[in-house]
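Structure first, commentary second.
Each value in this text was obtained by applying a stated rule to the coordinates, not by laboratory testing. Given the structure is predicted, the values throughout are model-derived calculations rather than measurements. FYI the Cβ positions are ideal-geometry reconstructions off the backbone, even for glycines, and counts take in every protein chain you see.
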Amino acid sequence: MIDLINEGNPDIIYHRENREGYRFPIKVTLSGKYYAGLEKTMAKTHGLNKLIDDIVKLLYRGSNDIKQYDPLFSRLKKKYPMKEISNALHIMLLDGLIIVTFKNKRPNKGFYWYPQFMSLDSRIVSDLIATASTDDSEKLKQDWLKNQAQAILEKHTDNQLAAKLLQSIESCVLLLGDGKQVFESKSWVRYWSVILALAYSLDLRASGNHEHLRVVSARIWDNSKILERYKKDIVSVANMSLENLHLTLLPDLVYFFGNIEFEVNGFICSGLSGYPVVLANQTVHKIDLTSSQIKGILIIENFAVFIEILKRKYYDYQNILVIWGQGYLNKPTNRFFKRVLTFKPVPVYVWSDLDADGLYIAKNIIDISEKCGAVGQPILMTEDELKFSLGGFIGAHPNKISNSQTIKELFGKVADRIENGESLEQESLLKYYDIIESRLP
């Protein structure tokens, strides 16, 4: 796998960790950019299925020492040749199944990489939990979270906060900075959110890096918004601000453009006054719609596509209100959307990535539209668009579609094809703008 560090492979995401006083990075973490699921990896003609299955089981259910590379490799080579193990790990990394951290043994001299830690990628963990029985899935998830937390915290045993968190894992109780009990592990999402957010913050502080709370949340839960629910708990347990924890939190904003007018604190504002218009949460609370000349609302999941579509079409055609959806609508965007729709019900068009998450995002927005008395529908999310897929983009969690009959009813054959591993991100469709332009509202 070390060759992947030196090659700069476009299918690998590289996260290098620098530290003051060293000329070269002290660590690099590698993860696969694309993920299609364990079944796709097993279907390849490599003859390593049993070995890959054993690695997944060891990383998923194993004790904490299995997270270290050397004990894992030593255990595996008792059953398998070293070349097969290396090949299997190489395949699993490229396929987005594992994450590997390498340590630079001589960071003042150059690049002397040695594998140090290994874990399952959160995408395969989510799929494994989704396919587990209801009775087992919660326990499996908690076991995985515990192993993740311990693997990080045991790198910082000289840190007082790390020692406190390790003690909390043993006692199943989290304490405030003054020693008062906050909550027990029975509230397991809250409990592990706080522990793992603080564990990752120790890594960030050690490296001198900062990271957005949503990025950390996506790494832990494969959902960018969960940690924001518990930001007060995170601060209380650590007795430190998010800034001092090297966790950043940007304000939720609304981005839109279209022919509406609204009043804020006695001032009349136009939805055409910016390219796009941006509103803070506090402003959305105070707006009163005064005029709406729109014939429809278009919600676009990804920011780059939102800006490009505005530029190419809707700066001139202003009777469609275009909103950046940011995935699942954040609170101010949700509130703004409902206010506009309640003021004047118009058709709602939703355009998301053609993957499992994109289908769920579209269904969620359509449900909100219907509750406001409007009709919602997906656009550019049919088999006509899916045929443009070249296989480069692999969406997350195709297996979760099998659990939703409503998704299959709404998207039909598209849902079946995505469940089988096909996908297409919005950005890819911009290459075919001349073809898709007529399909936009």
Starting from the Cα-Cα distance between residue 158 and residue 112, subtract it from 0.36 nm times their residue separation and give me the gain in nm to one decimal. 14.0 nm
Diffing the range 99-112: the Karplus 3J(HN,Hα) column from phi (6.51, -1.76, 1.60, θ = phi - 60°), in whole Hz with x for Gly and Pro, holds 10, 10, 9, 10, 9, 8, 6, 9, x, 8, 9, x, 10, 10
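So if each residue of separation counts as 0.36 nm, and I subtract the Cα-Cα distance between residue 285 and residue 146, what length gain in nm does that give?
On the way: separation 139, 0.36 × 139 = 50.04 nm, distance 3.96 nm.
Between residue 285 and residue 146, full extension yields an extra 46.1 nm.
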GluC sites (Glu not before Pro), loop per DSSP, at most 11 other Cβ atoms within 10 Å - longest free stretch of the chain: 21-242
Determine the calculated [θ] at 222 nm for the chain from helices alone, applying -39500 (n - 2.57) to every DSSP H run no shorter than 4 residues and normalising by the residue count; nearest 500 deg cm²/dmol. -12500 deg cm²/dmol
Excluding residues fewer than 8 positions from residue 50 in its own chain, the lysines with Cα under 22 Å of it are 40, 67, 77, 78, 79, 83
If r is the Cβ-Cβ distance from residue 268 to residue 42 and R0 is 60 Å, what FRET efficiency results, to the nearest 0.05? 0.50
At most 14 other Cβ atoms within 10 Å plus a DSSP loop assignment makes a site exposed; report the longest stretch of the chain without any exposed chymotrypsin sites (Phe, Trp or Tyr not before Pro). 113-314
Determine the gain in length on full extension of the stretch residue 331-residue 167; use 0.36 nm per residue of separation and subtract their C-alpha separation, reporting nm with one decimal. 55.5 nm
Give me, ordered by chain and number, the residues 5 or more places off residue 248 or on other chains with an amide H under 5 Å from its own placed amide H. 211, 212, 213
For the pair residue 261/residue 73, report the inter-label distance in nm, with labels modelled 7 Å from Cα in the Cβ direction. 7.0
Return the single residue from 216, 237, 264 with maximal mean-square fluctuation; model: Gaussian network over the chain, springs between Cα atoms under 10 Å. 264
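Quick one, could you list the DSSP H helices from the chain stretching 20 Å or more along their long axis (Cα atoms) with average Kyte-Doolittle hydropathy of 0.5 or above? Don't jump to the answer; show the numbers that get you there.
On the way: long enough: 134-153 (29 Å, -1.13); 188-207 (28 Å, 0.71); 356-371 (23 Å, 0.07).
Membrane-span-like by this criterion, though nothing is claimed about a membrane: 188-207.
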I want to verify a result. In a Gaussian network model of the chain, Cα cutoff 10 Å, which of these has the top mean-square fluctuation: 344, 286, 146? 286
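Distance check, please: which entries in 225/311; 344/413; 232/331; 57/232; 232/363 exceed 26 angstrom between their Cα atoms?
Details: 225/311 29 Å; 344/413 33 Å; 232/331 18 Å; 57/232 35 Å; 232/363 31 Å.
Violating the 26 Å Cα-Cα cut-off are 225/311; 344/413; 57/232; 232/363.
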Between residue 209 and residue 232, the FRET efficiency computed from the C-beta separation at R0 = 30 Å comes out, to the nearest 0.05, as 0.80
By the C-alpha gyration tensor axes a ≥ b ≥ c (rounded if a/c is under 1.5, else prolate when a/b exceeds b/c, else oblate), the shape of the chain is prolate
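Apply 1/(1 + (r/R0)^6) to the Cβ-Cβ distance of residue 188 and residue 23, taking R0 = 35 Å, and write down the FRET efficiency to the nearest 0.05. If you can, show how the numbers build up before the last one.
Working: r = 43 Å, r/R0 = 1.23.
Efficiency for this residue pair is about 0.20.
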Nearby lysines by direct alpha-carbon distance to residue 313 (threshold 21 angstrom, same-chain neighbours under 8 apart not counted): 295, 431
